[in-house]
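No value in this document is a laboratory result; all are computed from the given coordinates. All of these numbers come straight from a predicted model, not from anything done at the bench. Don't worry about glycine lacking a Cβ; one is built from the backbone with ideal geometry, like all the others, and counts go over all protein chains shown.
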Amino acid sequence: MDIEAPTHPIDSRTAAQALVEAAKTAGYAPSIHNTQPWRWRVTGNTLDLHLVRSRILNASDPDGRLATLSCGAALHHARVTMAAHGWQITVARVVQGADRDLLARLHVHHRSSADPTSAALLRAIPSRHTDRRAVADTAVDPEALTAIAAAVESEGTRLHLLRPDQLLDLAAAADLTQHSPVADPAWQAELMYWTGLAPPNAGQQGDPPISARHDKAAVFVMLYGSADEPLNWLRAGEALSAGWLTAGGRGVSVMPHSAPTETIATRQAMRAMIAGAGYPYLLLRLGAADPADPGAPHLPTVQIIERY
């Protein structure tokens, strides 16, 4: 017979402070070009997650797909924090009839035993970062890949491992779109990663630019799901966080690639890789981790949390 963990009454002030701490921790979450497009509002035992539309990159993310995905990563960070500290919560996502920018609502119910799996993920949050260097020559541990896939799928999103021929198809699609009107230098540089070309006027000599074809030991995977709606983008962000934190605990580096999902041609190429069985959300490069380099800066707490 299963024995439920003991529960304890909660003090509203203590619960509210725990939600504030969860929102602070969520500030470490990965986001599209480090835009951190979220804002939290604490009201009693409730924590609301809002999309900040002024931080959406309109040229490369007009639908807010990647901004919503970023908010999903922050949501998962907050969930992990609450569970690791023994708070039982419910989460309502994309609340019907509410403000369209209200993506999720967390409500505290009671105290319980701390969740050890969440505690392990919480320890990985401060050191999580995007490593843009070429990966180490060591192959990624197959058991680590299995654990990462399981973490992603536990959040309602699927993981597809790209084959070498699919990498070539994606490079071809990227080559066709690299001169798109979306002319942001970071976007152009990311597409060049897939084509293997150096940026214009780079003047590089000697070693070729870091690219998919030169990251020999890297593993490329695609996050995808059954639909292409805000709820699915939010869940994909939660899956990204779960997979990334799991990867960090197993010595695997992660670098997300958003540019291929920002144009129709490359999204279609990615969808063909899964035989039209779903919709692509994001590409990730996985590799054996080298020593960490400094993470990106984060917005001050006053800019991301409101308390009432």
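Each peptide among 268-274, 278-284 gets the average number of other Cβ atoms lying within 10 Å of its residues, and from highest to lowest they stand as 278-284, 268-274.
Distance between the pseudo-spin-label points of Asp175 and His85 (7 Å out from Cα toward the beta carbon): 5.2 nm. Please list, in order, the residues from region 221-248 whose amide nitrogen is less than 12 Å from a point placed 7 Å along the Cα→Cβ vector of Ala120. From region 221-248, the list is 246-248. Between Arg132 and His109, the modelled labels are 4.3 nm apart [label points 7 Å from Cα along Cα→Cβ]. Net length available on complete extension from Ile274 to Glu21 is 87.2 nm, with 0.36 nm assigned per residue and the Cα-Cα distance removed. With R₀ set to 22 Å, the beta-carbon distance separating Ala227 from Ala92 gives a calculated FRET efficiency near 0.75.
Between Ile264 and Arg163, the modelled labels are 2.8 nm apart [label points 7 Å from Cα along Cα→Cβ]. Cβ crowding within 10 Å ranks Glu153, Glu262 as Glu153, Glu262, fewest other Cβ atoms first.
Near Leu282, the amide H atoms lying under 5 Å from its own belong to Leu223; only residues 5 or more places off or on other chains count, and H is placed 1.01 Å from N.
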